[in-house]
Amino acid sequence: MAKKPIDYLYSAYSAYAYIGHGAFLKIAKEANRPVIHRPFDLMKCLNAIGYGVVRQT
């Protein structure tokens, strides 16, 4: 039976996504779980909830 995939939502702006990416993939591989990558636009999300303009560096 195929294992249920992991939906991996992340933003390129997130340092946490960058730092944890390798460990996450290792855990998924050890659990024999496929990963579905779902990057999202953090700026669009923050603006949609009224957070305001966030500077891009």
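The values are calculated or read from the model by the stated rules, or taken from the named source; none is laboratory data. The shown structure was predicted, so the numbers you read here are calculated from the model rather than taken from an experiment. Backbone-built Cβ (ideal geometry, glycine too); neighbour counts: all protein chains shown.
For every residue, the table says whether it meets (1) loosely packed, with under 10 Cβ neighbours inside 10 Å; (2) of a type outside the set (Val, Ile, Thr).
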position: MET1; (1), (2): yes, yes
position: SER11; (1), (2): no, yes
position: ALA23; (1), (2): yes, yes
position: ILE27; (1), (2): no, no
position: GLU30; (1), (2): yes, yes
position: ARG33; (1), (2): no, yes
position: MET43; (1), (2): no, yes
position: GLY50; (1), (2): yes, yes
(message) Looking at TYR16, TYR8, can you tell me which residue is under 8 Å from the mean Cα position of the chain (by Cα) and outside any loop (DSSP other than H, G, I, E, B)?
(response) TYR8
(message) Looking at region 1-21 only, could you name the residues that are of a type in the set (Ser, Thr, Tyr), closer than 13 Å to PRO34 by Cα and modelled with pLDDT under 85?
(response) none
